[in-house]
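Readers should treat all values here as calculations from the given coordinates under stated rules, not as data from a laboratory. Remember, it's a predicted structure, so these values are computed and weren't measured experimentally. Reconstructed Cβ throughout: ideal geometry from the backbone, glycine too, with neighbour counts over all protein chains shown.
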Amino acid sequence: MKHLACAALTLALLSSAQAVTLTHWEHQYAPRAAVLKDMIAAYQKSSGDSVTFEAIPYDSYFDKLTTALSSNNGPDIFKVPSTMSYQFIKAGLAAPAPTNLYTAAQAKKDYLTWAVNPAVQNNQLYGLPTDVQTVVMYINNDLVKACGGNAAQPPRTWAAFTKLAQACTKRDASGKMTQAGVDTRYKWALFTTFLYQGTGGKVVSPAAKKALWDSAGGMKSWNLMQTLFSGSQAVDLPTFMTGQFKFELGKAAFYFNHPTTRSRLSDMSPDLKYTIALPPSPDGKPSTIASSWVYMVNARSKNVDAAWKWIMYISSEASQRQWVKDGGDLPGLKKLVNDPALFPDANAKVVQQSLKYVYTPQEVGGDPVDAIRQEIWDKLVLTSDAKIDLAALVKQQSGAETQLIQSILK
């Protein structure tokens, strides 16, 4: 296998190269930034190359990145969601890996298929997976026990979850919410998970250039969300602890997010007793969704080979072990998926198992797709039940996503 199995082997490639300075951009996330800074220090010491790292707030990241790349002021290395990689490749903004370093065939052999395939076009490799994640459900053990549940026996079905989340939602005598059944601040994790589950994974057809979630299964998903998050029985409200970390602060019973959230919980809420479970599903069978990002090299970089060597270093087996241990990521390399050393406790083992039950990501596009679906969410959450024609809204927004897909894949 030609892929470098550990960081030390990657560094061997660099010994005869002239030292360069590389620029590396990605969106700001404190646990990842800390790990990356450690890797940069080790890499610079061993290789002689310098890496200038800039963490950019998520809300401005994509605008800044696309503007910089288009104006020839972009970084050497950047990170984008795998669902957006096609757009960067199509626009000529990404440089393929030099085949003497690593090939598409080798990457497909080494990495999880769903994570690496979006970065392969025309048998060329344009990126390597990073930030490999699933969606899992975090349970506040004490709050769930107090409302009649048992974190060791989490709700498996949508019906059981709805009942328990409603039981865990508390209001005072005036009707003001004092505890949320579900912390909904990461709304993407909720509506995307439920859409994939309700449709049996038939959310988008890239081949047909069409969104598929205006189906009966898609409607079942949105009806669930209307029951949970809209009206007088809503299990969370946008006015309750707005902008705050409800789950971390012990004010929400359930929370859907990625395994990397464990790093933030360790830092913010070290005394919080929580259990990780797979999300509930329509029929109780285990299922969840997956997501990943890819590291890519700027097509206009003057140091393409050096940039790709850096990507290979931070994607190597040794580095992935560090990402898992210190950043809470999941491994992208197949050989590490079943390594027990990476999953030492009960919560980590659930995270490991989640990889067995993922629906393959189908989205074409990143934030614009999310915005289309989120418009339904926002209207459900902010509008009373009687004021929304949900079926018509789903049809409208699904059609808007179809138009977006067709514009990207034309």
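Of all lysines in the structure, those lying under 17 Å Cα to Cα from K145, and not within fewer than 8 positions of it along the same chain, are K163, K170, K251, K273. Before rounding to the nearest 500, sum -39500 (n - 2.57) across all DSSP H runs of length at least 4 in the chain and divide by the residue total; then give [θ] at 222 nm in deg cm²/dmol. Per the formula, -12500 deg cm²/dmol.
Net length available on complete extension from Y186 to A167 is 4.7 nm, with 0.36 nm assigned per residue and the Cα-Cα distance removed.
Placing one equal scatterer on every Cα of the stretch 12-71 and applying the Debye formula, the log10 ratio I(q)/I(0) at q = 0.22, 0.23, 0.25 Å⁻¹ is -0.90, -0.93, -1.00.
Excluding N122 itself, calculate the net charge of residues whose Cβ lies under 14 Å from the Cβ of N122, where each Lys or Arg counts +1 and each Asp or Glu counts -1. In short, +2. Among the trypsin sites (Lys or Arg not before Pro) found in the stretch 288-349, those both in a DSSP coil and sparsely packed, with 10 or fewer other Cβ atoms within 10 Å of their Cβ, are K302. About its Cα centre, the dipole of the chain is roughly 680 debye, where the only charges are +1 on Lys and Arg Cβ and -1 on Asp and Glu Cβ. With semi-axes defined as the square roots of five times the eigenvalues of the C-alpha gyration tensor, the equivalent ellipsoid of the stretch 113-169 measures 41, 11, 8 Å, largest first. Average 1/r across all pairs of distinct alpha carbons in the stretch 343-410, invert it, and you get the Kirkwood radius: 14.8 Å. Every pair of different Cα atoms in the stretch 222-358 enters the Kirkwood calculation, which places the hydrodynamic radius at 17.9 Å.
A straight Cα-to-Cα reach below 17 Å connects K349 with the aspartates and glutamates D326, D329, D339, residues fewer than 8 places away in its own chain not being considered.
Arranged from fewest to most other beta-carbon atoms within 10 Å of their beta carbon, E317, E363 become E317, E363. Among residues other than T288 with Cβ under 15 Å from its Cβ, the summed charge is +3 (Lys and Arg +1, Asp and Glu -1). The amide H of G328, built 1.01 Å from its N in the peptide plane, has no neighbour under 5 Å, considering only residues 5 or more places off or on other chains.
If you take the Cα atoms of the chain, find Rg, then find the Kirkwood Rh from the mean of 1/r over all pairs, what is Rg/Rh? Here the Rg-to-Rh quotient is 0.98. Using every pair of separate Cα atoms, the Kirkwood estimate puts the hydrodynamic radius of the stretch 89-194 at 17.8 angstrom.
Geometric descriptor of the stretch 217-262, per residue, is 105 Å³ (volume of the convex hull of the Cα atoms). If the limit is 27 Å between Cα atoms, which of K187/K220; K220/K325; K209/K387; K210/K309 go over it? Pairs exceeding 27 Å: K220/K325; K209/K387; K210/K309.
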